[in-house]
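Let me begin by presenting the structure, written as structure tokens, before commenting on it.
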């Protein structure tokens, strides 16, 4: 008996979910690498806070990479593992060396916008496929990300007028 049959999932509908999860995996891998860049190279106002926050965020991204890859496996597919393919697949692009804290924060908010939009698409596709586990996983991701975005916007408001 096939795994998806045991799970009660339709192979064709799950294929769409897996395709989007594969792009999300690539996005998270590039996101992780960019966070390491920011962590190592950030300078200026807020260095101590941002340096620690970037470490927290890249550790979280590494966990999400593993969760997404394992979900792809659970759905009967094979997750990509080559960084060269991630760079071709990901919507998030590899950042040049970024040392300005404001530039890094702006990029980070753009990355979250991309991740959140993809996760919401995955929720829609997974809902259509009756894949409640993937829906739950994406919702769990969103809970933390929405809070992080709130905090990052607050930190990036230099003039406190926003």
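The values are calculated or read from the model by the stated rules, or taken from the named source; none is laboratory data. It should be emphasised that the depicted structure is a prediction, and the values quoted were computed from it without experimental measurement. Don't worry about glycine lacking a Cβ; one is built from the backbone with ideal geometry, like all the others, and counts go over all protein chains shown.
In this structure, is residue 68 in contact (Cβ under 8 Å) with a residue 24 or more places away in the chain, buried (at least 18 other Cβ atoms within 10 Å of the Cβ), touching a helix residue (DSSP H, G or I) at 6+ places or on another chain (Cβ under 8 Å) and within 27 Å of residue 156 (Cα to Cα)? Show your work before the answer.
Details: in contact (Cβ under 8 Å) with a residue 24 or more places away in the chain: yes; buried (at least 18 other Cβ atoms within 10 Å of the Cβ): yes; touching a helix residue (DSSP H, G or I) at 6+ places or on another chain (Cβ under 8 Å): yes; within 27 Å of residue 156 (Cα to Cα): no.
In short, no.
Just to check your reading of the model, which residue among 98, 49 is farther than 30 Å from residue 6 by Cβ and crowded, with 19+ Cβ neighbours inside 10 Å? Let's see the steps before the verdict.
Numbers: 49 fails: crowded, with 19+ Cβ neighbours inside 10 Å.
Selected residue: 98, the only one of 98, 49 that is farther than 30 Å from residue 6 by Cβ and crowded, with 19+ Cβ neighbours inside 10 Å.
Hey, any hits in the stretch 98-113 for a residue that's more than 13 Å from the chain's Cα centre (by Cα), in a helix (DSSP H, G or I) and without any contact (Cβ under 8 Å) to a residue 24 or more places away in the chain? Reasoning before the result, please.
Start the filter on the stretch 98-113 by keeping residues that are more than 13 Å from the chain's Cα centre (by Cα), which leaves 98-107.
Subsequent filtering for residues that are in a helix (DSSP H, G or I) retains 101-107.
After this cut, where a residue has to be without any contact (Cβ under 8 Å) to a residue 24 or more places away in the chain as well, the list is 103.
Yes, the stretch 98-113 contains at least one residue that is more than 13 Å from the chain's Cα centre (by Cα), in a helix (DSSP H, G or I) and without any contact (Cβ under 8 Å) to a residue 24 or more places away in the chain.
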So which of 45, 51 is over 28 Å from residue 135 (Cβ atoms) and assigned to a loop (DSSP other than H, G, I, E, B)? 45
Out of (1) surrounded by fewer than 19 Cβ atoms within 10 Å (Cβ to Cβ); (2) in contact (Cβ under 8 Å) with a residue 40 or more places away in the chain, the one residue 84 does not meet is (2)
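Which residues, counting only those in the stretch 102-131, are at pLDDT below 95 and either over 22 Å from residue 146 (Cβ atoms) or surrounded by fewer than 19 Cβ atoms within 10 Å (Cβ to Cβ) (or both)? I'd like the intermediate steps shown before the answer.
First, pick out the residues of the stretch 102-131 that are at pLDDT below 95: 102-106.
Listed by number, the residues that qualify are 102, 103, 106.
Does residue 143 meet the test of being more than 19 Å from residue 15 (Cα to Cα) and in contact (Cβ under 8 Å) with a residue 60 or more places away in the chain?
no
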